[in-house]
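The values are calculated or read from the model by the stated rules, or taken from the named source; none is laboratory data. This one's a predicted model, so the numbers in the text were calculated from it and none came from an experiment. Neighbour counts run over all protein chains shown; Cβ positions are idealised from the backbone, glycine included.
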Amino acid sequence: MQDFNEILPKFEKFLAEQGLYFEAIIIGGAAMQLLGLTDRVTKDCDVLSPKISSKLKEVSKEFAKEHGLSDDWLNNGPETLIRDLPTDWQKNVISLYQGKNLKLFTLSRTDFLRSKLFAFVDRGIDLQDLIKLKPTKAEIEQLEEWLKERDGNPDWPKYVEIRLGELIKELYGDT
């Protein structure tokens, strides 16, 4: 478990020593930390885009050994989310970390909420992250139709309504 506010400058220095540069769009716990939305530590850095090259994977494993990280601390685990994002999602990314050899961005607030709401409805995870993000009722309602289109199961739209109702109750009580 790591604090990415501390680990990323070290990783950037390591990249510089290797003569490498990496620019990526990340999501998940590391992005939440860098946005200052949570102090919860996380074990990995989820890279949405680009696909991590074999050379960078090799270097990140070497870095992992030196810093007590898991081999896959830098991973493309969430890359399938790209197919569910709006076509222009990359135009609205937010800068998280700007160094000479490492630049990291994350999704816009709306697209970040999309990712967290989908994870919450689909897999029952990320409730605490959603609480930290504090989506308004209007933001939740705005993304409801998008969420309802994410699964072909005929029961999915009703399930989305139930889960979002639970979320609104958690965030705002019985209003």
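With respect to the conditions (1) exposed (fewer than 15 other Cβ atoms within 10 Å of the Cβ); (2) of a type outside the set (Lys, Arg); (3) modelled with pLDDT of 95 or more; (4) closer than 17 Å to Gly77 by Cβ, Met1 falls short on a single one, namely (3). All of Lys91, Lys116, Lys132 fail the test of being under 20 Å from Arg163 (Cα atoms) and without any contact (Cβ under 8 Å) to a residue 40 or more places away in the chain, apart from Lys116.
With (1) more than 21 Å from Phe22 (Cβ to Cβ); (2) aliphatic (A, V, I, L, M); (3) buried (at least 16 other Cβ atoms within 10 Å of the Cβ); (4) out of contact with any Asp or Glu (no Cβ under 9 Å at 6 or more places or on another chain) as the list, and Ile125 as the residue in question, which single condition is left unmet? If we test Ile125 against (1) more than 21 Å from Phe22 (Cβ to Cβ); (2) aliphatic (A, V, I, L, M); (3) buried (at least 16 other Cβ atoms within 10 Å of the Cβ); (4) out of contact with any Asp or Glu (no Cβ under 9 Å at 6 or more places or on another chain), just (3) comes out false. Residue count for segment 24-39, restricted to those that are over 19 Å from Gln98 (Cβ atoms) and either among the small types (Gly, Ala, Ser) or out of contact with any Gly (no Cβ under 8 Å at 6 or more places or on another chain) (or both): 3.
Segment 4-73 holds helices (runs of 4 or more DSSP H) entirely within its bounds, and those carrying 2 or more residues that are of a type in the set (Lys, Arg), free of Cβ contacts under 8 Å to residues at least 24 places away in the same chain and farther than 30 Å from Ile131 by Cα map to 54-67. Looking at (1) loosely packed, with under 15 Cβ neighbours inside 10 Å; (2) assigned to a loop (DSSP other than H, G, I, E, B); (3) touching a helix residue (DSSP H, G or I) at 6+ places or on another chain (Cβ under 9 Å), which is the one condition that is false for Ile82? Looking at each condition in turn, Ile82 falls short on (2). Look at (1) closer than 18 Å to Glu23 by Cβ; (2) under 17 Å from the mean Cα position of the chain (by Cα); (3) buried (at least 16 other Cβ atoms within 10 Å of the Cβ) and you find that Ser60 fails only one, number (2). Selection of first residues in segment 155-175 that are among the polar types (S, T, N, Q) and of second residues that are in a helix (DSSP H, G or I) and surrounded by 12 or more Cβ atoms within 10 Å (Cβ to Cβ), restricted to Cβ pairs under 9 Å at least 6 apart or on distinct chains, gives the following pairs, ordered by first then second residue: Thr175/Lys137; Thr175/Ile168. Do the conditions hold for Phe118, that is, is it surrounded by 14 or more Cβ atoms within 10 Å (Cβ to Cβ), in contact with a strand residue (DSSP E or B) (Cβ under 8 Å, 6 or more places away or on another chain) and among the aromatic types (Phe, Trp, Tyr)? No; evaluated as a whole, the condition is false for this residue. So is Leu107 within 24 Å of Leu167 (Cβ to Cβ), in contact with a Pro (Cβ under 6 Å, 6 or more places away or on another chain) and at pLDDT 95 or above or not? So Leu107 does not fit the description; no.
One residue alone among Glu12, Glu6, Glu17 is surrounded by 14 or more Cβ atoms within 10 Å (Cβ to Cβ) and among the charged types (D, E, K, R), and that residue is Glu12. Residues in segment 4-30 that are small (Gly, Ala, Ser) and at pLDDT 95 or above: 3 in all.
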